[in-house]
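Engineer: The structure is given below, and queries will be raised subsequently.
What follows draws every value from the coordinates through simple rules; no lab data is involved. Small disclaimer: the values here were computed from a predicted structure and weren't measured. Cβ: placed from backbone, ideal geometry, glycine included. Neighbour counts: every protein chain shown.
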Amino acid sequence: MREVMTGNYASAYGAKLARAEVIAAYPITPQTSIVEKLAEFVSTGELRAKFIPVESEHSAMAACIAAETAGARTYTATSSHGLTLMHEVLIWASGARLPIVMTNVSRAMAPPWNVWVDHMDSIAQRDTGWLQFFCQSNQEVLDTIIMAYKICESARVMLPAMIIEDAFILSHTSEPVDVPDQKLVDSFLPPYSPELKLEVGKAMGFGSLVKPDQYMEFRYKAMEAMTSAHDRVLVVEREFKDVFGREHGGLLERYRCEDAEVVLVAAGSVAGTAKDVVDALRAKGQMVGLARIRAFRPFPEQEFKALASKVAGMAVLDRSYTFGAAGAMFTEVKASVYSNQKRPVLKNYIAGLGGRDITPKIIEKIFEDISVISRRGIEDEVEWVEVAGLPRRWK
Amino acid sequence: MTKSYEEIPLTPISNTPSTVNLTGLWRVVKPVVDKSMCKKCTICWKYCPDAAIKLIDGEPVIDLLYCKGCGICSFECPAKCIVMVKEG
């Protein structure tokens, strides 16, 4: 059934259709309407789940960890400072190998105080061992939640996943969303049944102490799991397409990249704007494309290697900045193509922090810039876009 | 003996409670109670962070299998009847 809904409601419907059994959450702007909607589903009986209103995000994740250990399918949602407060327990969730699924409405970190889109909160959790999916549309949010449970609960993965929605641009903007039939979702996603779980009457401690002689083997296993998640993402998306007739591009969505000379690399809602710009420039005969990072973890390294051998320039747009280095997406793209025989010119554009609009005009200028430097060579690797006081004009 | 990564579970699982770890082995100094001076106020029992003090007839008895020798009981005792003595 097609309905008009916000990204937040798409998240709530995703968790409901996946039949989350325990939801523990703490409200934070702009995530609140996700858990409000889920609380409504639970109170009306539309969703049979235990809803735990906790006193902090740290507790929300702790409650999900406990419930998931006992074999329940769990869901939570947060944003920004809530996510970063969870940081410690995020690492616990992945180390304990619990396939929890969470929506993070990606929002700027303070100060300066700001509630608008920015990827710093999500990027800061890169090393926690969670799969990370950046979404472009509300439909993708709903679909990715359902897919994420199937990817993460498979025996070879057993890791948690974070579904990233851009604050306000997705979270509070309404779009037509196909809400699939519950029976179809049930046929696609079986109930969660882990091989090992905490059971009443059977005392067990999970995640207990190991000494230096055994610690690395557990980390090695988690590494293998994240590596095999790469193929699981592709397999599960193919299955999803068979059932629901939709797909979202695997780990790296390539839009008009086949014969592109230069490509823009971006993640999240800005990809929608970028596709329009690509279409407009293609109509004028320019050979441009978009590579949308859908999965930031596991990182689509092979996909980037293949793409890099075919293009002259790659403009990597980061909606956050890693102080002392560059944008995190840029450094990852750069690292992944280093061993290629043929390497394109790479440049990092820092744009749209704290909810500043990334307009079609700006994307056009980025394409113009990367086209020029892919012929002439690069001067500065990292450029901040549209900062008052800097000489370059972007509008 | 280090086990291969293929032989271990996803996360370490223990089927014994943490009481199997006799943390009293960590101790360098141990509390010794002079019962003649004890007023049975139970403050030591309340403050012990390891619950290693049992009350028998209202008087403290230290469980040396778990007492780590932190000395909080000795510091808090108003009657000054608990002294910390270096282990053998």
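Engineer: Evaluate the relative contact order of segment A:2-244 (contact order divided by residue number), counting alpha-carbon pairs under 8 angstrom at least 6 apart; express in whole percent.
Structural biologist: Worked out over segment A:2-244, it gives 24 percent.
Engineer: I want to check the label-to-label distance for A:Gln286 and B:Glu6. Put each point 7 Å from Cα in the C-beta direction and report it in nm to one decimal.
Structural biologist: A separation of 5.4 nm, rounded to one decimal place.
Engineer: Work out the mean other chain Cβ neighbour count within 10 Å for the residues of B:10-23 and drop it here as an integer.
Structural biologist: 5
Engineer: I need the per residue convex hull volume for chain B, using only the alpha carbons, in cubic angstrom as a whole number.
Structural biologist: Normalising the Cα hull of chain B by residue number yields 124 Å³.
Engineer: Given A:Gly313, A:Thr331, A:Ile293, which one lies farthest toward the positive end of the charge dipole of segment A:276-395, if we put +1 on the Cβ of every Lys and Arg and -1 on the Cβ of every Asp and Glu?
Structural biologist: A:Gly313
Engineer: Which trypsin sites (Lys or Arg not before Pro) in segment A:22-126 sit in a loop by DSSP (not H, G, I, E or B) and have at most 16 other Cβ atoms within 10 Å of their own Cβ? Don't skip to the answer; put the middle values down first.
Structural biologist: Values: sites: A:Lys37, A:Arg48, A:Lys50, A:Arg73, A:Arg97, A:Arg107, A:Arg126; in loops: A:Arg48, A:Arg73, A:Arg97, A:Arg107.
Sparse-neighbourhood loop trypsin sites (Lys or Arg not before Pro): A:Arg48.
Engineer: Same structure again: Going toward the positive end of the dipole of segment A:2-244, with +1 on Lys and Arg Cβ and -1 on Asp and Glu Cβ, which of A:Ala155, A:Ile123, A:Ser171 do you reach last?
Structural biologist: A:Ala155
Engineer: In whole angstrom, and with the biggest value first, how far do the Cα coordinates of chain A range along each principal axis?
Structural biologist: Ordered largest first, chain A gives principal extents of 70, 53, 45 Å.
Engineer: Further question on the same structure: What chymotrypsin sites (Phe, Trp or Tyr not before Pro) does segment A:313-395 have in DSSP loop regions with at most 14 other beta carbons within 10 Å?
Structural biologist: Answer in residue order: A:Phe323, A:Tyr338.
Engineer: Right, next: If you find the alpha carbon centre of segment A:4-41 and of segment A:158-189, how far apart are they in angstrom?
Structural biologist: Cα centroid of segment A:4-41 versus Cα centroid of segment A:158-189: 10 Å apart.
Engineer: So which GluC sites (Glu not before Pro) in segment A:108-210 end up in coil per DSSP with only 13 or fewer other C-beta atoms within 10 Å?
Structural biologist: A:Glu195
Engineer: Quote the charge dipole size of segment A:2-244 about the Cα centre in Debye, to the nearest 20; the model charges only the Cβ of Lys and Arg (+1) and of Asp and Glu (-1).
Structural biologist: 520 debye
Engineer: Could you order peptides A:261-271, A:229-239 by the average number of other Cβ atoms within 10 Å of their residues, highest first? Display every interim value, and only then the final one.
Structural biologist: Working: A:261-271: 26.6, A:229-239: 18.1.
The packing order, highest mean first, is A:261-271, A:229-239.
Engineer: A follow-up question, please. How high is the FRET efficiency from A:Lys202 to A:Gln341, r the C-beta distance, R0 51 Å, rounded to 0.05?
Structural biologist: That gives a FRET efficiency of 0.35.
Engineer: Suppose we flag trypsin sites (Lys or Arg not before Pro) only when DSSP calls them loop and at most 14 other Cβ atoms lie within 10 Å. Which is the longest uninterrupted stretch of chain B?
Structural biologist: Counting at most 14 other Cβ atoms within 10 Å as exposed, the longest clean stretch of chain B is B:41-79.
Engineer: Give me a single rounded figure for A:198-207: the average over its residues of other chain Cβ atoms within 10 Å of their Cβ.
Structural biologist: Working: counts 1, 0, 0, 0, 1, 4, 4, 7, 6, 5.
Other-chain Cβ atoms within 10 Å of each residue's Cβ, averaged: 3.
Engineer: What translational diffusion coefficient, in µm²/s and rounded to a whole number, does the Stokes-Einstein relation yield for segment A:255-395 at 37 °C and a viscosity of 0.692 mPa s, taking the hydrodynamic radius as the Kirkwood radius over Cα pairs? Don't jump to the answer; show the numbers that get you there.
Structural biologist: Details: Rh = 15.0 Å.
Taking Rh from Cα pairs, D becomes 219 µm²/s.
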